[in-house]
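The values are calculated or read from the model by the stated rules, or taken from the named source; none is laboratory data. Just so it is clear, the model here is predicted, and its values are computed rather than measured. All Cβ positions, glycine included, derive from the backbone under ideal geometry; neighbour counts span all protein chains shown.
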Amino acid sequence: MTEPIRVRFAPSPTGFLHVGGVRTAMFDWLFARHNGGTFILRIEDTDITRKVEGAVEYLMEGLKWLGLDWDEGPDMGGDYGPYYQSQRLDLYKQAAERLVEQGDAYCCYCASERLDAMRKEQVARKQPPGYDRLCRNLSLQERAAKEAAGIKPVVRFKVPTEGQTSFHDIIYGDVVFENSNIDDFVMLKSDGYPTYHLANVVDDHAMKISHVIRGEEWISSVPRHLFIYKALGYQPPLYVHHPLLVGPDRAKLSKRHGDVSLLEYRDQGYLPETMFNFIALIGWSLDDKTELMTRRQLIDTFSLERIGKTGAIFNREKLDWMNGVYIRSLAIDDLTQRALPFLDKGLPESVKRPLNAGYVKQVMPLIQERAKKLTEIPELVKFFFIEELNYDPALLIAKNMTREATLKALEVSLQRMKQLSSFDEGALETLLRPLAEELGLKAGQLFSVLRTAVTGETATPPLFQTMVVLGKDRCLKRIDEAIAELKKLSS
RNA sequence: GGCGCAUUCGUCUAGCGGCCUAGGACGCGUCCCUCUCAAGGACGAGAUCACGGGUUCGAAUCCCGUAUGCGCUACCA
């Protein structure tokens with residue numbers, strides 16, 4: 001390998017970073033990092049009608065969240081800048097002019113209304129739609145007349161009408177196209193902005209991009225790019241097209257499928273480690289069984305050749321499982337820090353802020369293996385924080401128990417627990433287990449009654465651990481309240 | 001319509017001519033553990049490898065055709 005490896009992620013700033021784009025960026029990044037190459041961020045803002053304010057910042061925020069750092073880009077510069085295409089207009093203009101002078105391109109004055117009508121007719125006649133090359137051989141006089149009329153032209157490439165164009169794709173292999181199926185495409189728009197075809201060729205060459213990694217949707221455009229490379233006398237890069245991420249209907253993933261924005265996943269409580277691992281594994285695999293991989297392992301083992309060829313559906317259930325795995329692997333301090341913002345947002349307003357991080361840290365071990373997403377944590381730990389429990393007292397009565405038996409269980413438990421000198425797990429266990437027997441109950445029945453009394457929930461972390469974190473006073477108070485509520489309940 | 005690409009359990013995938021009566025994971029079911037919920041463990045159901053022809057002693061793996069799906073077919077990327 002003589003040429004240094006340089007790859008680029010080139011999104012257009014149209015609003016948000018979706019997981020499909022992220023996957024492309026990850027393949028770029030992993031490939032660059034694996035080979036000690038350079039990862040470049042380039043903003044393809046050549047469509048002024050689709051530009052969205054703040055989109056670039058949003059994009060960068062998403063990449064940073066995943067840990068995809070770039071070596072050259074709009075915010076940090078580099079030797080091949082600027083990295084906004086809108087700031088490179090002269091380059092495209094010069095290239096277009098040169099191609100026109102060479103006779104490889106020409107100005108086209110056709111009105112878009114005419115082109116639309118033409119296409120409609122072609123489709124109606126079941127002809128392949130494409131530009132009819134009306135302006136390809138305009139005489140000097142005709143051109144002058146159009147210019148005089150003030151028509152702003154576009155520049156079209158003069159595509160050869162016969163022959164074939166082929167290229168080798170690292171993932172898809174050899175692909176061949178008939179030139180006769182390709183029309184004279186627009187390179188430079190009438191507003192002076194380039195189309196993707198021109199801009200990507202000019203920039204990839206100027207930025208010395210070695211491998212173009214992008215979605216399969218671009219395969220059909222490669223011949224156009226090759227024509228430009230050839231006409232300009234440039235060496236084309238290596239092509240790596242990867243299959244698309246698709247929705248449940250198997251169509252290319254897009255906004256209408258919902259839940260496609262990377263940062264939404266962050267807000268829904270997924271960890272960046274999860275997203276990184278999971279997205280890398282859609283369409284790429286190391287072998288027949290490795291699934292859980294750290295960023296380091298991914299970098300070390302990544303190769304373009306192991307990217308598959310078929311579009312993949314984003315499997316939410318598996319994502320949830322994987323996120324659970326990562327949550328469980330977190331150190332308690334780490335989990336605490338990550339959970340805090342979600343608790344702040346998700347706990348009832350009645351809970352005093354700021355939250356006590358020390359206390360949060362005490363409850364985290366109890367729910368760590370029960371949360372699949374950070375957003376689920378507030379609901380899981382709510383009873384540790386609120387003052388007034390609010391539940392249906394009928395829930396206190398455990399399976400195969402009467403109201404009276406429940407009442408008695410609560411009252412006796414309260415008395416005995418009051419006498420406990422040390423309120424720890426062991427003490428509770430040695431008190432409560434024999435007590436169940438004494439009351440003629442199964443341990444599960446007693447625990448179930450107490451669980452509801454103390455938490456207001458029927459599914460919680462282990463009872464004794466929960467009680468310890470809650471503290472003796474609060475437990476006794478809640479049992480007392482439960483007794484009162486149960487008494488009010490008519491049997 | 002034209003051109004291009006793809007096609008292995010519901011989903012993500014392994015497989016690059018014999019190791020495949022097709023392996024793993026998620027999800028699902030049963031059981032174990034167990035104070036509930038999880039987590040964990042065990043077991044199981046689930047794919048005639050889209051279909052039809054070849055090639056070969058032998059094909060999920062190679063070739064051809066068909067079907068289906070997706071992509072492109074803009075002065076969008």
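Only one of these is surrounded by fewer than 18 Cβ atoms within 10 Å (Cβ to Cβ), modelled with pLDDT of 95 or more and among the basic types (Lys, Arg): A:LYS230, A:LYS252. Name it. Outline the logic, then answer.
Numbers: A:LYS252 fails: modelled with pLDDT of 95 or more.
Only one candidate qualifies: A:LYS230.
Going by the structure shown, is A:SER221 surrounded by 15 or more Cβ atoms within 10 Å (Cβ to Cβ), farther than 17 Å from A:VAL22 by Cα, of a type outside the set (A, V, I, L, M, F, W, C) and without any contact (Cβ under 8 Å) to a residue 60 or more places away in the chain?
Details: surrounded by 15 or more Cβ atoms within 10 Å (Cβ to Cβ): yes; farther than 17 Å from A:VAL22 by Cα: yes; of a type outside the set (A, V, I, L, M, F, W, C): yes; without any contact (Cβ under 8 Å) to a residue 60 or more places away in the chain: yes.
For A:SER221, the condition - surrounded by 15 or more Cβ atoms within 10 Å (Cβ to Cβ), farther than 17 Å from A:VAL22 by Cα, of a type outside the set (A, V, I, L, M, F, W, C) and without any contact (Cβ under 8 Å) to a residue 60 or more places away in the chain - is met.
One line per residue, one yes/no per condition, for (1) more than 16 Å from the chain's Cα centre (by Cα); (2) part of a loop (DSSP other than H, G, I, E, B):
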position	(1), (2)
A:GLY21	no, no
A:THR24	no, no
A:HIS34	yes, no
A:ASP45	yes, yes
A:LYS64	no, no
A:ASP69	no, yes
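Mind checking which residues of region A:374-397 are within 16 Å of RNA strand B (Cβ to nearest atom), hydrophobic (A, V, I, L, M, F, W, C), closer than 18 Å to A:PRO461 by Cβ and buried (at least 17 other Cβ atoms within 10 Å of the Cβ)?
Of everything in region A:374-397, those that are within 16 Å of RNA strand B (Cβ to nearest atom), hydrophobic (A, V, I, L, M, F, W, C), closer than 18 Å to A:PRO461 by Cβ and buried (at least 17 other Cβ atoms within 10 Å of the Cβ) turn out to be A:LEU374, A:ILE377, A:LEU380, A:VAL381, A:PHE383, A:PHE384, A:LEU389.
Quick one: which residue in A:PHE27, A:PHE16 is aromatic (Phe, Trp, Tyr) and at pLDDT 95 or above? Give the steps one after another, and end with the answer.
On the way: A:PHE16 fails: at pLDDT 95 or above.
After ruling out the rest, the residue left standing is A:PHE27.
Take the residues in region A:267-288 that are assigned to a loop (DSSP other than H, G, I, E, B) and hydroxyl-bearing (Ser, Thr, Tyr), then tell me which one is surrounded by the most Cβ atoms within 10 Å (Cβ to Cβ).
Keep residues of region A:267-288 that are assigned to a loop (DSSP other than H, G, I, E, B), which gives A:268-271, A:281-283, A:285-288.
Checking which are hydroxyl-bearing (Ser, Thr, Tyr) leaves us with A:270, A:285.
On the way: A:TYR270: 23, A:SER285: 14.
Selected residue: A:TYR270.
Every residue in region A:295-308 that is in contact (Cβ under 8 Å) with a residue 12 or more places away in the chain and either of a type outside the set (A, V, I, L, M, F, W, C) or within 6 Å of RNA strand B (Cβ to nearest atom) (or both), please.
The first filter runs over region A:295-308 and keeps only residues in contact (Cβ under 8 Å) with a residue 12 or more places away in the chain, leaving A:295, A:298-308.
A:ARG295, A:ASP300, A:THR301, A:SER303, A:GLU305, A:ARG306, A:GLY308 - these are the residues of region A:295-308 that are in contact (Cβ under 8 Å) with a residue 12 or more places away in the chain and either of a type outside the set (A, V, I, L, M, F, W, C) or within 6 Å of RNA strand B (Cβ to nearest atom) (or both).
Would it be correct to say that A:GLY283 is farther than 16 Å from A:LEU17 by Cα, within 11 Å of RNA strand B (Cβ to nearest atom) and small (Gly, Ala, Ser)? First the steps, then the outcome.
Working: farther than 16 Å from A:LEU17 by Cα: yes; within 11 Å of RNA strand B (Cβ to nearest atom): yes; small (Gly, Ala, Ser): yes.
When the stated conditions are applied, A:GLY283 passes them.
Given the residues A:GLU291, A:GLU264, which is the only one that is surrounded by 12 or more Cβ atoms within 10 Å (Cβ to Cβ), free of Cβ contacts under 8 Å to residues at least 40 places away in the same chain and closer than 21 Å to A:LEU59 by Cβ?
On the way: A:GLU291 fails: closer than 21 Å to A:LEU59 by Cβ.
The unique qualifying residue is A:GLU264.
Tell me, please, whether a residue that is of a type in the set (Asp, Glu), loosely packed, with under 13 Cβ neighbours inside 10 Å and at negative phi can be found in region A:355-373.
Looking only at region A:355-373, we keep the residues that are of a type in the set (Asp, Glu), and these are A:369.
Then keep just the ones that are loosely packed, with under 13 Cβ neighbours inside 10 Å; that gives A:369.
Still in the list and also at negative phi: A:369.
Within region A:355-373, one or more residues are of a type in the set (Asp, Glu), loosely packed, with under 13 Cβ neighbours inside 10 Å and at negative phi.
Could you check A:THR452 against (1) away from RNA strand B (no atom under 13 Å from the Cβ); (2) touching a residue at least 60 places away in the same chain (Cβ under 8 Å) and say which number it fails?
Unmet condition: (1).
Could you list, in sequence order, all residues of region A:31-45 that are surrounded by 24 or more Cβ atoms within 10 Å (Cβ to Cβ) and either within 15 Å of RNA strand B (Cβ to nearest atom) or aromatic (Phe, Trp, Tyr) (or both)? First the steps, then the outcome.
Within region A:31-45, the first condition is being surrounded by 24 or more Cβ atoms within 10 Å (Cβ to Cβ), and the residues that meet it are A:32, A:40-42.
Those that are surrounded by 24 or more Cβ atoms within 10 Å (Cβ to Cβ) and either within 15 Å of RNA strand B (Cβ to nearest atom) or aromatic (Phe, Trp, Tyr) (or both): A:ILE40, A:LEU41, A:ARG42.
Residues are listed down the side, and each one gets a yes or a no for (1) in a loop (DSSP other than H, G, I, E, B); (2) in contact (Cβ under 8 Å) with a residue 24 or more places away in the chain; (3) more than 14 Å from RNA strand B (Cβ to nearest atom):
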residue: A:GLU97; (1), (2), (3): no, no, yes
residue: A:GLU101; (1), (2), (3): no, no, yes
residue: A:ASP116; (1), (2), (3): no, no, no
residue: A:ARG119; (1), (2), (3): no, no, no
residue: A:TYR131; (1), (2), (3): yes, yes, no
residue: A:GLY150; (1), (2), (3): yes, no, no
residue: A:THR165; (1), (2), (3): no, yes, no
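Any idea which of A:LEU389, A:LEU355, A:LEU420 is closer than 30 Å to A:PRO341 by Cα and touching a Lys or Arg at 6+ places or on another chain (Cβ under 9 Å)?
On the way: A:LEU355 fails: touching a Lys or Arg at 6+ places or on another chain (Cβ under 9 Å); A:LEU420 fails: closer than 30 Å to A:PRO341 by Cα.
None of the other options fit; the residue is A:LEU389.
Pick from region A:9-30 the residues that are buried (at least 21 other Cβ atoms within 10 Å of the Cβ) and of a type in the set (Phe, Trp, Tyr): which of them is farthest from A:ARG256 (Cα to Cα)?
The extreme case among them is A:TRP29.
With the requirement that a residue be in contact with a strand residue (DSSP E or B) (Cβ under 8 Å, 6 or more places away or on another chain) and either in a loop (DSSP other than H, G, I, E, B) or hydrophobic (A, V, I, L, M, F, W, C) (or both), what does region A:138-148 give you?
A:LEU138, the sole residue that qualifies.
Criterion first (touching a strand residue (DSSP E or B) at 6+ places or on another chain (Cβ under 8 Å), within 8 Å of RNA strand B (Cβ to nearest atom) and over 20 Å from A:GLY62 (Cβ atoms)) does A:GLY311 satisfy it? Break it down stepwise before answering.
Values: touching a strand residue (DSSP E or B) at 6+ places or on another chain (Cβ under 8 Å): yes; within 8 Å of RNA strand B (Cβ to nearest atom): yes; over 20 Å from A:GLY62 (Cβ atoms): yes.
The answer is yes for A:GLY311.
Does A:ARG474 satisfy being modelled with pLDDT of 95 or more, surrounded by 20 or more Cβ atoms within 10 Å (Cβ to Cβ), in a helix (DSSP H, G or I) and among the charged types (D, E, K, R)? Spell out the reasoning first.
Details: modelled with pLDDT of 95 or more: yes; surrounded by 20 or more Cβ atoms within 10 Å (Cβ to Cβ): no; in a helix (DSSP H, G or I): yes; among the charged types (D, E, K, R): yes.
Spelling it out, it is not the case that A:ARG474 is modelled with pLDDT of 95 or more, surrounded by 20 or more Cβ atoms within 10 Å (Cβ to Cβ), in a helix (DSSP H, G or I) and among the charged types (D, E, K, R).
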